[in-house]
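The values are calculated or read from the model by the stated rules, or taken from the named source; none is laboratory data. Just so you know, these numbers come straight off a predicted model, no measurement behind them. As a convention, Cβ positions derive from the backbone with ideal geometry for all residues, glycine included, and neighbour counts pool all protein chains shown. In case anyone asks, the SASA skips ligands and DNA or RNA and just uses the protein heavy atoms, side chains included. Shrake-Rupley method; radii C 1.70, N 1.55, O 1.52, S 1.80 Å.
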Amino acid sequence: SGSLLAIVLLCLTRSLTITSADQSMFERAQGEKVTLPCTFVLSENDEGPLDIEWVLIPADNQKKEQIIIMYAVDRIYNHYYAATTGRMQFTNPDPRSGDGSLDILNLKSSDTGTYQCKVKKAPGVQSQKIQLTVLVKPARTKCSVEGSQEIGNDIILKCASQEGSPLLSYDWRRAAGTRALPITSTLSILLLKNASQDYSGTYRCVATNRVGTDECSVELNVTPPINTAGMIAGAIIGTLLGLFLLAFLIVCCCKKHREKKYEKEVHHDIREDVPPPKSRSSTARSYIGSNRSSLGSMSPSNMDGYTKTPYSQVPSEDFERTTGQNANFAPSKVAAPNLSRMGAVPVMIPAQSKDGSIV
């Protein structure tokens, strides 16, 4: 009917007419393709060169219109607007056929705006404006639970899309559980008051706008309250046991350290205080020499000194002799006085040789 009306108007006015003026608003999703129509009919009076322009009218009236594609002198020019280079093209490769519609590929949210198609063929001039809105589908929708999932508490379920054009609506649904959803909500928040175990289950949120939907789900598990007093008591007892064990280990380590230190000190004192041992032969010779000098001056008057010498003071090893040494000594012919009755220690008297010398 629109085309027929345009033909009738053309016959009456006999001038250039755009026949696609009945469509002025388009909504598409990001990533899709849109065709903005711009068909026209020329009159016999239009004799000048055909010129078709598509311009983007900015939202700010102070800014200048931006040419995005143009047909002039039988040639297409599409390099004016860098943001749309390679994504905009005429629907018909030959616009002279009366179809100057525009295809926009791989739509972006930044493509939202007002587009104007201008058709010129002197003396006729016509234009048409089209509003394009590029919407973003809901995406990366996430569900979450706020509040302690215990019986009697108020639990909040949240749903939010990370991407998506405004005017989003949310629909909460019970996916699985023991009872129906207690409250339906078209908001991004679902409040469950005084929760019971019957509320446990899987909840699904569907986010929707005019160009698409997205959803997420969350698992709710309502449980009895936790015995916090018992947990606190257990934590305190565990802490005390740990401190006691730590103190016990410290005491043991200190005690062991003191014992090792004491052993080292005692060992050091012994090594410094004890003189080096003398050889057995030198000790015996010195003792025998002293006895000889004493025997030489032995008389009844000085026998008392020998009688008072305790036996325990004479080292037994001083009188050890080898077999060869004992052979040089003959048994003494002079008997030693019986000193045992006086409590004295018996003393060996050296023997005399045949020539009268003491050996």
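State the answer as a single residue: which of Y203, T141, L246 lies farthest towards the positive end of the charge dipole of region 95-247, with beta carbon charges of +1 for Lys and Arg and -1 for Asp and Glu, about the Cα centre.
Projecting each Cα onto the dipole axis, the largest value belongs to T141.
Give the long-range amide H neighbours of A160: residues separated by 5 or more places, or on another chain, with amide H under 5 Å away, using H modelled in the peptide plane at 1.01 Å from N.
When sequence neighbours closer than 5 places are left aside, the close amide H contacts are K142.
Excluding ligands and nucleic acids, what accessible area in Å² is computed for Y262 using a 1.4 Å probe, to the nearest 10?
150 Å²
How many nm is it between the label spots at K129 and T213, if each spot is 7 Å from the Cα in line with the beta carbon?
In this crude spin-label approximation the distance works out to 3.6 nm.
In percent, how large is the relative contact order of region 1-146, given Cα pairs closer than 8 Å and 6 or more residues apart?
Numbers: 307 pairs, mean separation 44.4, N = 146.
It comes to 30 percent, rounded to a whole number.
For a quick check: with amide H placed at 1.01 Å from N, whose amide H comes under 5 Å from A175's, ignoring anything fewer than 5 positions away on the same chain?
T202, Y203, R204
Taking the Cα of I189, stepping 7 Å toward and past its beta carbon, and measuring to each backbone N in region 148-178: which are under 19 Å?
148-150, 153-162, 167-173
So which of K33/K137; K158/K193; K108/K137; K64/K129; K33/K108; K64/K121 end up more than 18 Å apart by C-alpha?
Going by Cα-Cα distance, K64/K121 fall outside the 18 Å limit.
Once the whole set of protein chains is in place, how much accessible area is left on Y80, using a 1.4 Å probe, in Å² to the nearest 10?
Ignoring ligands and nucleic acids, Y80 comes out at about 90 Å².
Taking R0 as 45 Å, what's the FRET efficiency between E44 and Q23 from their Cβ-Cβ distance, rounded to 0.05?
Step by step, r from the Cβ atoms, then E = 0.95.
How do L249, L107 stack up against each other in accessible area, from largest to smallest, with a 1.4 angstrom probe?
Listed by decreasing accessible area, they come as L249, L107.
Quote the relative contact order of region 70-216 in percent (integer), defining contacts as alpha-carbon pairs under 8 Å separated by 6+ residues.
Values: 277 pairs, mean separation 26.7, N = 147.
Normalised by residue count, the contact order of region 70-216 is 18 percent.
What's the FRET efficiency of V145 with S109 using the Cβ-Cβ distance as r and R₀ = 30 Å, to the nearest 0.05?
0.40
Just grab the label-to-label distance for D154 and D60, each label 7 Å out from Cα along the Cβ direction, in nm (one decimal).
4.5 nm
Which percent of the accessible heavy-atom area of region 75-226 goes to carbon and sulfur, probe 1.4 angstrom?
Summing carbon and sulfur atoms, their accessible area is 49 percent of the total for region 75-226.
Note down the accessible area of T202, probe 1.4 Å, to the nearest 10 Å².
Looks like 40 Å² after rounding.
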